[in-house]
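The values are calculated or read from the model by the stated rules, or taken from the named source; none is laboratory data. Computed from a predicted structure; not experimentally measured. All Cβ positions, even for glycine, are placed from backbone atoms using ideal geometry, and neighbour counts span all protein chains on display.
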Amino acid sequence: MNDSYNFKNLVINFPGGCGGNHMANMISLNSKFTPRFITKRNYVSDMLNNYRNMPYKSMLNKTIYAHFFETFGLDNLRNPLLKNKLLTNSTINIHTGHWFHFLANPDNDVDEITKELTEVKWIVVKWPKPDAIQHKRISKLEMPTAKPEFYKWPFKTECSNPNFAEANDSNGFFFDSDLLFCKDGSHNLRQALKEKFQIDLHPAADEIHDIWYSWVNYLVYER
């Protein structure tokens, strides 16, 4: 990896309903990052088709998500074979999840499974204002992961591994979800990634963001 991609793991900690998986999908289109699902064809084309083919207007429930991934949170780290693959691959791994996926406590194994993670960068998504479209989306989706007190900056994980102990200005950034939940959301994310991490967002991210934002508006204002 060149100097602009000099880290191994990107963690996105976000309130449920605030677009963290969509952010990860857009970032993963860059070939420096580990794909979020396995394909024998072209990953970018397949991701585009996942968005293009979502029948969001005919779906019977309220679940309109950009959930195009094989595992969530830190689940791969609980499987020795998958963990070894993540630790030894040549791309940057993306770990998306909510506060409880990354916060070590006596009821989970987060401290144990993250002991070997190094070169970690963070994006923590800010809790939205009550009148924001993403806050309305949280209400529509009835998200059980909505715990505003845990989406603070800096974010402390309570983990013993110093590489995974805290998200702060030295290893990440606090991202206002208002910047994502707008027509220019992909451009805003592109700018933040370039400024903070010196990495690029794939041009195809603009198309999938346009599609995703139409889902959000449909769920919040039309359904």
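Name every residue in region 123-134 that is surrounded by 14 or more Cβ atoms within 10 Å (Cβ to Cβ) and either free of Cβ contacts under 8 Å to residues at least 60 places away in the same chain or farther than 16 Å from residue 180 by Cβ (or both), in order of residue number.
126, 132
Based on what the data block shows, is residue 169 of a type in the set (Asp, Glu), farther than 21 Å from residue 17 by Cα, without any contact (Cβ under 8 Å) to a residue 60 or more places away in the chain and not in a helix (DSSP H, G or I)?
Judged against the criteria, residue 169 is a match.
Could you tell me which residue of region 1-23 is modelled with the highest pLDDT, considering only residues that are polar (S, T, N, Q) and in a loop (DSSP other than H, G, I, E, B)?
Among those residues, the one meeting the criterion is 6.
Identify, please: which residue in region 130-146 is of a type outside the set (Asp, Glu) and part of a loop (DSSP other than H, G, I, E, B) and is, among those, modelled with the highest pLDDT?
132
Would you point out the residue of region 24-41, among those that are surrounded by fewer than 19 Cβ atoms within 10 Å (Cβ to Cβ), in contact (Cβ under 8 Å) with a residue 24 or more places away in the chain and over 12 Å from residue 91 (Cα atoms), that is nearest to the chain's Cα centre (by Cα)?
It comes out as 37.
Sort through 127, 122, 153 and tell me the only one that's in a loop (DSSP other than H, G, I, E, B), within 23 Å of residue 74 (Cα to Cα), under 16 Å from the mean Cα position of the chain (by Cα) and not charged (D, E, K, R).
Of the residues listed, the single one that is in a loop (DSSP other than H, G, I, E, B), within 23 Å of residue 74 (Cα to Cα), under 16 Å from the mean Cα position of the chain (by Cα) and not charged (D, E, K, R) is 127.
Would you confirm whether or not region 52-68 contains a residue that is part of a helix (DSSP H, G or I) and at pLDDT below 95?
Scanning region 52-68, I find at least one residue that is part of a helix (DSSP H, G or I) and at pLDDT below 95, so the answer is yes.
State all residues of region 68-85 that are touching a Lys or Arg at 6+ places or on another chain (Cβ under 9 Å) and hydrophobic (A, V, I, L, M, F, W, C); if no residue qualifies, say none.
The answer is 68, 69, 77.
Would you confirm whether or not region 93-111 contains a residue that is within 30 Å of residue 55 (Cα to Cα), of a type in the set (A, V, I, L, M) and either in contact (Cβ under 8 Å) with a residue 40 or more places away in the chain or surrounded by 13 or more Cβ atoms within 10 Å (Cβ to Cβ) (or both)?
So far as region 93-111 goes, yes, one or more of its residues are within 30 Å of residue 55 (Cα to Cα), of a type in the set (A, V, I, L, M) and either in contact (Cβ under 8 Å) with a residue 40 or more places away in the chain or surrounded by 13 or more Cβ atoms within 10 Å (Cβ to Cβ) (or both).
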